[in-house]
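A short worksheet on the structure shown next.
The values are calculated or read from the model by the stated rules, or taken from the named source; none is laboratory data. Remember, predicted model here, so these are calculated numbers, not experimental data. Cβ placement follows ideal geometry from the backbone for every residue including glycine, while neighbour counts extend to all protein chains displayed.
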Amino acid sequence: MKIIVRTFSVLICLFANLLNGQSVGDSNSSGLSPFEKAELRRLLDLDFLDLSRTPIRGVLGYEQEHWKNPASVHVIRPEDISLNGHVLMVDSFRNVAGMHTTRGVGYDDFVTMRNFSGSATEKFLTMVDGREVLQLMGGTINWTTEDVPLAILDRVEIIRGPGASIWGTNSVSGVVNVVTKHAAQTQGDSVRLIIEDDGTFLGEYVHGGQTKGGSFYRFWVRDQEYSEGKLISGMDARDDGYARKAGFRFDKELNADLDLTIAGGFATRRVEHVLDLSSRLLYPTDPVYHAQHNPIPNSNVPVPGFMGLPSWQNGDSPYLPLAAASALLAGSPLAPTLPPSTSYSTWPAPNGLIQPIGIPKIDNYEQMPQDASHLRTKLSGITGNELEWSLAGYAELYDTSLGHVGHSWTRKEFDIDFRANKPIGDYNHLSFGASYRHASFDVDDVVTSPWAFSTFDLNTSSFREDIPVLEYGNSPTKFERVTGFLQDSIDLSDEIVLSLGAKFEDSDLSGSSIQPGVRVSYTLDDQNIFWGAYSRAYRQASLVEQYTEVSYARIWNPVDENATPLGKKWINTSFTGASDLDDEKMDAYELGWRTRPSDKLLIELSLYHYETKNAVFSGPPKYDTSDVKTTGGELTFDYRASRSWHLQGGYSYSKGKKDGVKQDDFPESMANLSSHLNLRDDLTFIQSLYYTGDRTIPSAYNPIPIDDYLRLDLGFVWQAKDNWEIGLFGRDLLDPGHAENMYNDLDVEPGRVERTFLLSITKKF
């Protein structure tokens, strides 16, 4: 019922505007500057079916046709998201070779690139209209909060490989550059509705108009509702919630050579009871496993499926939730001792009966609120001598509370950024800029009660309720950063272009650094270009990695050789931040070849080798560093077989070694293939196939293997009249459910990514 009401509410807003006489797609370009008009004419002349001609800004600091860029580049366009049945921008990262996108509990997506690892830490830089969105506290990106409506998205440039000479710190494995449309391009009304069979819902509305003074504006709203997901065993994940967002943009021509942009937005997100560890902590139940690792004779451990309990078979060892094992093993020397809880639950048996075994669950966790708002003001122009420049100011307020670990913080941030580029004579093109950032934190460590697992005191063998799970302590709360960069692209000949650049940074968090980059490209002919690149890039350790004390949970330690029936079978998982962590420093080498044998086909091959010093890894008792070497490559293609058939795909291979030992927390092989076939002018059949190789989630106690999986998505999209588009999709059709991700070093049951069916209704401008 809730979904129906929201659907009609959004539709009423749309039709109200139509009744007022504003036609969809009305647009007046008379308010554009000469520069913008010329750019608009250029864009209109482009055949956007030819991906090779799409303009890319993120590599050299000025726009250049995709196929000429001396870097491995993938472009996501709005239609790539809608036609593949993707809900958010991050979903389309599955179509990018070398990017590993996974879904966990709480509808959180985790993205890694080119085997530069960590399951929850993004070691690439993401920019949204020039605003850096990486979170300093955890080193992660909230993809739900930072997502933008499809109607306002122009393109997403994904540059694989370091971009530090322009973008600076944290652009270690690559750069994701999100570009939204000028308000003049979003005139009228647009609506997008997504309804999934599990009850998940997304609705967004965008309206754009023009003032009497010739300025352009738009505003938008979004409501996204999450249904409760499942854990891999079939248990409820307790991760329902919602995300609500709004934003605006105002574009005004101040004079023929000067434009003003003011934009901003607000997002609020709530997720319920995620990480109820009383039910999600894993307990290995394989007798052989225990016999190998525990000197306890004649241990009687139940096999999976005992009493109809859901279990998770992963690798050679089956697992039960810890609370379930406690109830089943009462009186056994292997039985975990659990404290009283606020409520008890039951487990469904396969025969449909309910077994009242009294599994404790802690129900009084607060929600996990996340609130973010930002404001962006930008002046941009072009002078008579072809100097293209911009001066932007960004203000951001981010407030979050992790109710399940009793930790909250507020981040206030202000940035000033200047960028410019200018041709010098016939053979040089300079890009340069400078920026300043001020960030402050207000951190609150809250004791969450009851939280028995994380507050078990081994010294007294008793449970305590006065210890915060995550403590920031008396750590620094104010940071400043100053940067400057200069890059020159030099035409050495008609065929060879050399790009030299470096970025200087001085930060309170990581000191001073210079990050150089060299790129050279050789254009063999109109169809082939080769490039080579060397870059040095730095990643700043997150505040969690440097300054926090984390006591996650009291976990069974099966590999403790000193374990006895009365001894240390249980330990607290604890991580202590290391304030002396040096920046991760990476030297990157890359070779590439891009060819377009025809206007219908674009092929790209890239090979890379990374050597990283001081790569940060977690593991009790503290965060530590290691040296990592990574080698791999990607092969991608974009093929317009005919006017009615479009194929796109890629394959990636990556192999890494940590201190000389093979890394296995990143899939060695991944592949994707998408087919868009126009059955008729208004009906498209979509087929998407994704393969992800197996990997192992690192843990000091029970390293958990994640099996490889093959995902098949099918869909139909009907281009109805008056710019209406209706799509019906089935996702994960080959498998009713599989695991994709779980948290490092915390043995909790992963979420289950389930087969879903999706209906999308879109009204375009």
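Points worth noting:
- Criterion (within 24 Å of A434 (Cα to Cα) and in contact with a Ser or Thr (Cβ under 8 Å, 6 or more places away or on another chain)) met by exactly one of G199, G264, G174: G264
- Verdict on Y242 being surrounded by 20 or more Cβ atoms within 10 Å (Cβ to Cβ) and of a type in the set (F, W, Y): no
Rundown of residues vs (1) surrounded by 15 or more Cβ atoms within 10 Å (Cβ to Cβ); (2) of a type outside the set (S, T, N, Q); (3) not assigned by TED's automatic domain parsing to the domain that holds I232, yes/no style:
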residue	(1), (2), (3)
V628	yes, yes, no
G632	yes, yes, no
S642	no, no, no
K662	no, yes, no
L677	yes, yes, no
R680	no, yes, no
I697	yes, yes, no
L710	no, yes, no
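- Look at (1) over 16 Å from A71 (Cα atoms); (2) modelled with pLDDT under 95 and you find that S535 fails only one, number (1).
- Test set (1) at pLDDT 75 or above; (2) surrounded by fewer than 19 Cβ atoms within 10 Å (Cβ to Cβ); (3) not aromatic (F, W, Y) - H429 fails condition number: (2)
- Restricting region 648-692 to residues that are touching a Lys or Arg at 6+ places or on another chain (Cβ under 8 Å) and of a type in the set (K, R), the residue that is nearest to R711 (Cα to Cα): K655
- Consider region 457-492 and keep the residues that are of a type in the set (S, T, Y) and either at pLDDT 95 or above or surrounded by 14 or more Cβ atoms within 10 Å (Cβ to Cβ) (or both). The one that is nearest to V59 (Cα to Cα) is S489.
- The listed residue being buried (at least 17 other Cβ atoms within 10 Å of the Cβ) and at pLDDT 95 or above, out of L260, L193: L193
- Residue-level check: of (1) of a type in the set (A, V, I, L, M, F, W, C); (2) more than 21 Å from the chain's Cα centre (by Cα); (3) closer than 18 Å to D91 by Cβ, L679 misses just (3).
- G209 being farther than 30 Å from E754 by Cβ and assigned to a strand (DSSP E or B): yes
- Within region 589-618, residues that are closer than 21 Å to W531 by Cβ and assigned by TED's automatic domain parsing to the domain that holds L647 have Cβ atoms under 9 Å from residues that are β-branched (V, I, T) and part of a loop (DSSP other than H, G, I, E, B) in these pairs: Y610/V172, counting only partners at least 6 apart in sequence or on another chain.
- In the set (1) at pLDDT below 95; (2) aromatic (F, W, Y); (3) crowded, with 23+ Cβ neighbours inside 10 Å, Y205 fails one condition alone, (1).
- Residues in region 128-142 include none that are of a type in the set (K, R) and assigned to a loop (DSSP other than H, G, I, E, B).
- Single residue of region 666-698 satisfying the filter (among the small types (G, A, S) and assigned to a strand (DSSP E or B)) that is nearest to L714 (Cα to Cα): S688
- Condition met for D109 (modelled with pLDDT of 90 or more and farther than 19 Å from T54 by Cβ): no
- Verdict on T180 being crowded, with 19+ Cβ neighbours inside 10 Å, under 27 Å from G484 (Cα atoms) and β-branched (V, I, T): yes
- Any hit, region 639-646, residues being within 23 Å of the chain's Cα centre (by Cα), farther than 30 Å from L543 by Cβ and of a type outside the set (D, E): no
- Subset of region 619-637 [free of Cβ contacts under 8 Å to residues at least 40 places away in the same chain and either part of a loop (DSSP other than H, G, I, E, B) or farther than 23 Å from R536 by Cα (or both)]: F637
- Among residues of region 68-82 that are on the phi > 0 side of the Ramachandran plot, none has a beta-carbon under 9 Å from a residue that is surrounded by fewer than 19 Cβ atoms within 10 Å (Cβ to Cβ) at least six positions away or on a different chain.
Yes/no per residue for (1) surrounded by 23 or more Cβ atoms within 10 Å (Cβ to Cβ); (2) over 9 Å from the mean Cα position of the chain (by Cα):
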| site | (1), (2) |
| --- | --- |
| V111 | no, no |
| N115 | yes, yes |
| L125 | yes, yes |
| R131 | no, yes |
| M137 | no, yes |
| T140 | no, no |
| W143 | no, no |
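- A count restricted to region 655-670 and to residues that are aliphatic (A, V, I, L, M) and in contact (Cβ under 8 Å) with a residue 40 or more places away in the chain stands at 1.
- Search result, residues across region 494-525 that are without any contact (Cβ under 8 Å) to a residue 60 or more places away in the chain and within 21 Å of S72 (Cβ to Cβ): E495, I496, L498, L500, V518, Y522, L524, D525
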